[in-house]
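Working notes, structure below.
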Amino acid sequence: MQMNGPAIRKQTFRKKFQGVDQTEVSQFLEDIAGDFDRFQAENAELSRKVTELETQLKDFRSVEKAMQQTLMQAQDSTARVVENARKEAQLIIQDAELKGAQIIEKSRSELTVLKEQLTILGAKKESIVARLKMLLHSELELVRALEAGSEPSRPREDEPPPQQGGRATEVDDIMKSLDE
């Protein structure tokens, strides 16, 4: 027999001699049937809530799984970005080192050229100073000879012979060597 409120209310009992108070039994059965109905309603409500909570739990687990997958993808993506940035930084460093080496090599070449030019200029300076000394020395001898009233002396053997046009030509030669 299925137990529910109406079945409990309709339940009848056989009567016996010196039986129980029928009103009291009926009231007791009515109370039990009411409690039973209320328990069934609560049970149905609780079953509905359990079903609802199980659905929510399933949804939350689905969201959690999606979030975990998203987090994993974000971590993978971040790792790839970091690795790519590391590789790009390495390429930039290598490029900078190569350019730096090229600049250093170019500077060394320019330094070598400048040293050569400095050497050439030093040699030209020495040549000009030596020629100027000879020119000034011969001019001084000429001035002394003119003061003494005698003829100028002949050039020494290590001096170049005077050219036509005299001292002006020597000065022109010195100026030309400066331009070289």
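Below, the figures for the structure above:
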read-out	value
Among (1) over 24 Å from the mean Cα position of the chain (by Cα); (2) open to solvent by less than 100 Å² (accessible area, probe 1.4 Å), the one test that residue 116 misses	(2)
Test: residue 50 is modelled with pLDDT of 95 or more and of a type in the set (A, V, I, L, M, F, W, C)	yes
Enumeration of residues in the stretch 48-98 that are basic (Lys, Arg) and within 19 Å of the chain's Cα centre (by Cα)	80, 86, 87
Cβ-Cβ under 7 Å pairs, at least 6 apart or on other chains, the stretch 14-25 side surrounded by 10 or more Cβ atoms within 10 Å (Cβ to Cβ), far side at pLDDT below 80 and assigned to a loop (DSSP other than H, G, I, E, B)	25/13
Residue under evaluation residue 149, criteria (1) within 30 Å of residue 173 (Cβ to Cβ); (2) at pLDDT below 95, criterion not met	(1)
Residue in the stretch 35-46 that is open to solvent by 70 Å² or more (accessible area, probe 1.4 Å), aliphatic (A, V, I, L, M) and either on the phi > 0 side of the Ramachandran plot or out of contact with any Phe, Trp or Tyr (no Cβ under 8 Å at 6 or more places or on another chain) (or both) present	yes
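The values are calculated or read from the model by the stated rules, or taken from the named source; none is laboratory data. Keep in mind it's a predicted model, so treat the numbers as computed, not measured. Note: ideal-geometry Cβ built from the backbone for every residue, glycine included; neighbour counts use all protein chains shown. Side chains are part of the model used for accessible areas, which takes the heavy atoms of the whole protein and leaves out ligands, DNA and RNA. Shrake-Rupley method; radii C 1.70, N 1.55, O 1.52, S 1.80 Å.
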